[in-house]
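The values are calculated or read from the model by the stated rules, or taken from the named source; none is laboratory data. Because the structure is predicted, anything quoted here is derived from the model rather than measured. Note that each Cβ is placed from the backbone with ideal geometry, even for glycine, and that neighbours are counted across all protein chains shown. Keep in mind that these areas ignore ligands, DNA and RNA; they rest on the heavy atoms of the full protein, side chains included. Shrake-Rupley method; radii C 1.70, N 1.55, O 1.52, S 1.80 Å.
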Amino acid sequence: MRQIKNQDKNLYHIRILKTYLEYLRKYYPDLDLDYVLQYAGITRSQLDDEGYWYTQEEEDRFHEIVDKLTRNPNIAREAGRYGATSSSYGTILQYIFSFIEPSLAYELLGKIGSKLTKGTAIKIRKIDSNKVEALFDINPGVEEKPYSCQNRLGMMEAMAIPFTGEYATVEHPECIHQGAHACRYLITWNIP
């Protein structure tokens, strides 16, 4: 686990936000995305910069305004589910899904996830042919909010769809927001 220092407060890769915006554009077409970005403190040029990383504060403001404007308490989970089919991740996911089985896809999700966030250390462990455990250790100095858990949960549910045609079952028995030292997920899918 790595300590997050003050100069390294940019925790999230802009691709995460782009996926969220793609979801909002599709399911909330009347939402003023320029206003959402302005409220979050992110410019269009930052959004277009594939090397840009944004802060927890920007992430929190983004979720605050999206929650308020959509009035959807499940928005983070739904956006996470959408992420598995998003064009923002399209090329990566098409490559993954064309060569492997679900357990390997989840294993790669752990590796890809570490390229999108500096806020967590991700470990994926295969338990059975149709079950994995995902452990998200929150790095010291990072204060994630419950929406992060819901967004991850949605993404992990949706990862099974290309293989099985349905969402995986995801349990979240341990959560940092309930006193656990890490967020733990158990992911099970039907074998096609």
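Can you confirm whether K123 is in a strand (DSSP E or B) and surrounded by fewer than 21 Cβ atoms within 10 Å (Cβ to Cβ)?
Numbers: in a strand (DSSP E or B): yes; surrounded by fewer than 21 Cβ atoms within 10 Å (Cβ to Cβ): yes.
Here the answer is yes, as K123 does meet what is asked.
Among (1) touching an Asp or Glu at 6+ places or on another chain (Cβ under 6 Å); (2) at pLDDT 95 or above; (3) open to solvent by 30 Å² or more (accessible area, probe 1.4 Å), which single condition is M1 missing?
That leaves (2) as the condition not met.
Which one is surrounded by the most Cβ atoms within 10 Å (Cβ to Cβ) among residues in the range 147-170 that are within 13 Å of L186 (Cα to Cα) and among the β-branched types (V, I, T)?
Among residues in the range 147-170 that are within 13 Å of L186 (Cα to Cα) and among the β-branched types (V, I, T), the one surrounded by the most Cβ atoms within 10 Å (Cβ to Cβ) is V170.
It is to be established whether one or more residues within the range 67-84 are among the hydrophobic types (A, V, I, L, M, F, W, C), farther than 26 Å from N139 by Cα and either part of a helix (DSSP H, G or I) or modelled with pLDDT of 95 or more (or both). Give the steps one after another, and end with the answer.
Pass one, the range 67-84, residues among the hydrophobic types (A, V, I, L, M, F, W, C): 69, 75-76, 79, 84.
Cutting the leftovers down to farther than 26 Å from N139 by Cα gives us 69.
Pick out the ones that are also either part of a helix (DSSP H, G or I) or modelled with pLDDT of 95 or more (or both) and you get 69.
Within the range 67-84, one or more residues are among the hydrophobic types (A, V, I, L, M, F, W, C), farther than 26 Å from N139 by Cα and either part of a helix (DSSP H, G or I) or modelled with pLDDT of 95 or more (or both).
Within the range 33-50, which residues are in contact (Cβ under 8 Å) with a residue 12 or more places away in the chain and not hydrophobic (A, V, I, L, M, F, W, C)?
Matches in the range 33-50: Y35, Y39, G41, Q46, D49, E50.
Identify the residue in the range 38-66 that is open to solvent by 70 Å² or more (accessible area, probe 1.4 Å) and within 18 Å of the chain's Cα centre (by Cα) and, among all such residues, is farthest from P146 (Cα to Cα).
Per the stated criteria, the residue is E50.
Looking at I14, is it open to solvent by less than 20 Å² (accessible area, probe 1.4 Å), closer than 22 Å to M159 by Cβ and touching a strand residue (DSSP E or B) at 6+ places or on another chain (Cβ under 9 Å)?
Values: open to solvent by less than 20 Å² (accessible area, probe 1.4 Å): yes; closer than 22 Å to M159 by Cβ: yes; touching a strand residue (DSSP E or B) at 6+ places or on another chain (Cβ under 9 Å): yes.
Judged against the criteria, I14 is a match.
Restricting attention to the range 96-108, report how many residues are at pLDDT below 80 and either open to solvent by less than 70 Å² (accessible area, probe 1.4 Å) or of a type in the set (D, E, K, R) (or both). Steps first, please.
Just the residues of the range 96-108 that are at pLDDT below 80, to begin with: 96-100.
Next cut, either open to solvent by less than 70 Å² (accessible area, probe 1.4 Å) or of a type in the set (D, E, K, R) (or both) only: 96-97, 100.
Result for the range 96-108: 3.
Could you run through the range 143-192 and say how many residues are over 19 Å from K123 (Cβ atoms), among the polar types (S, T, N, Q) and in contact (Cβ under 8 Å) with a residue 12 or more places away in the chain?
So the answer is 4.
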